[in-house]
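Reviewing the structure listed below.
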Amino acid sequence: TKHLLGIRDLVPQDIQIILDTATQFKEVLQRPIKKVPSLRDVTIVNLFYENSTRTRISFELAEKRLSADTINFSASGSSVSKGETLLDTVNNILSMKVDMVVMRHSASGAPHFLAKHIPAAIVNAGDGINEHPTQALLDAFSIRERLGTLEGKKIAIIGDIMHSRVALSNIYLLKKMGADVTVAGPPTLIPKHMAESFDVRVEYDLKKALEWCDVANVLRIQLERQNQVLFSSLREYNLAYGVKKSLLDNLDKEILVMHPGPINRGVELDSDVADSKQSIILNQVENGVAVRMAVLYLLAGRRGEG
Ligand code: CP
């Protein structure tokens, strides 16, 4: 496949190859010289129509570690404000001999639209409420690194499932790799028919979800994507669905705590949990670079080139 638009399109073997390739790149990243020449003939544009800290820096670092040339484009500060379309913008950039496009956009399906109209390879770095495939891959990599496998592991995805592309990509990936998934949160933030559509459990009681799982992947309330108030207040959300140390201390096992970032401390996750040794949040961020190196390397067709 030429693009990475979503986890939905992948088969388990694709995911396995990406994760195994990422393991090799993680070893490279432990060396004093963290750079390989693999993509020195490739130019990549990071096209961000929506804000980002982790994903953008992670892709840029992954590209630099692979010796690719990189261009960073933000919609803000560009000629998008003068009315230039997405397609015109990308075609202009590609005419300068750019080979691959890493793209974040607030519109679900924007990278799929682009894939139909341009010759370059596209990596989806998050499209609206649809998918965030490299986040799910780095989450899976981080779970596999700690627990050895995804098969049979119990993962609770907690919070704003409705507006989360991280939740959707994680559900696709975890189910394909044989994990058990529960989505947990308030009924207003979990889409109807979730259980039937995605073969996941749905749990409205946070304590029960935490008692069940091996891993809690906690999500941010995405206020910017909500066009109506779906929870009375952030303080009440924290009281009912915030992941707290007292809840974790009462469990009979030590679960792993994950979060894709950015964290709203004191809302979905309390600081003493985010900063505890149960939390692998910064490991996720570290692993993101190796996972994105693997994705770019494989899409460039470099597998088997040594
Ligand atoms: N996890 C994630 O996508 O973070 P950013 O929005 O900062 O890239």
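Between Leu87 and Phe113, what is the label-point separation in nm under the 7 Å Cα-to-beta-carbon projection?
In this crude spin-label approximation the distance works out to 1.0 nm.
Could you tell me whether the range 133-284 comes out rounded, prolate or oblate from its Cα gyration tensor? Rule is a ≥ b ≥ c as square roots of the eigenvalues, rounded for a/c under 1.5, then prolate if a/b exceeds b/c, otherwise oblate.
Rounded.
Taking a threshold of 26 Å on the Cα-Cα distance, which of the pairs Lys26/Lys176; Lys116/Lys192; Lys154/Lys277; Lys26/Lys277 fall above it?
Those over the limit are Lys116/Lys192.
Would you look at the GNM of the chain, springs on alpha carbons closer than 10 Å, and say which of Arg146, Arg104, Arg54 moves the most?
Taking springs between Cα atoms under 10 Å, the residue moving most is Arg146.
At a 10 Å Cβ-Cβ cut-off, how would you order His117, His163, His132, fewest neighbours first?
The order, fewest Cβ neighbours first, is His117, His163, His132.
How big is the charge dipole of the chain about its Cα centre, in debye rounded to the nearest 20, if each Lys and Arg gets +1 on its Cβ and each Asp and Glu gets -1 on its Cβ?
500 debye
Can you give me the C-alpha center-to-center distance between the range 197-273 and the range 42-61, rounded to a whole angstrom?
Cα centroid of the range 197-273 versus Cα centroid of the range 42-61: 28 Å apart.
Taking 0.36 nm per residue of sequence separation and subtracting the Cα-Cα distance, how much length would be gained by fully extending the chain between Arg235 and Ala195, in nm to one decimal?
11.6 nm
With each pseudo-label sitting 7 Å past Cα toward Cβ, what's the Thr188-Glu151 distance in nm, one decimal?
Using points 7 Å along Cα→Cβ, the separation is 4.3 nm.
Taking 0.36 nm per residue of sequence separation and subtracting the Cα-Cα distance, how much length would be gained by fully extending the chain between Ser76 and Val28, in nm to one decimal?
Gain on extension, Ser76 to Val28, equals 13.8 nm.
Calculate one ³J(HN,Hα) per residue across the range 112-124 by plugging θ = phi - 60° into the Karplus curve 6.51 cos²θ - 1.76 cosθ + 1.60, and present them in order as whole Hz with x for glycine and proline.
Whole-Hz 3J(HN,Hα) from phi for the range 112-124: 5, 4, 4, 4, 6, 10, 10, x, 7, 6, 10, 10, 6.
Between Lys153, Lys82, Lys26, which gets the highest mean-square fluctuation from a Gaussian network model of the chain, Cα cutoff 10 Å?
Answer for the Gaussian network model of the chain: Lys82.
Computed FRET efficiency, Cβ-Cβ of Leu251 and Arg54, R0 30 Å: what is it to the nearest 0.05?
With R0 = 30 Å, the Cβ-Cβ based efficiency is 0.60.
What order do you get for Leu94, Leu251, Leu4 when you list them from fewest to most C-beta neighbours inside 10 Å?
Leu251, Leu94, Leu4
Percent antiparallel among DSSP beta bridges with both residues in the range 83-182, to the nearest 5?
So the antiparallel bridges in the range 83-182 amount to around 10 percent.
For the chain, give the share of DSSP beta bridges that are antiparallel, in percent and rounded to the nearest 5; count only bridges with both residues there.
Roughly 5 percent of the beta bridges in the chain run antiparallel, per DSSP.
Among Gly266, Gly83, Gly109, which one moves the most in a GNM of the chain with springs linking Cα atoms closer than 10 Å?
Highest fluctuation of the listed residues: Gly83.
Values quoted throughout were computed directly from the atomic coordinates according to the rules given, and no laboratory measurement underlies them. From a predicted model like this one, the values you see are computed outputs, not experimental measurements. Neighbour counts run over all protein chains shown; Cβ positions are idealised from the backbone, glycine included.
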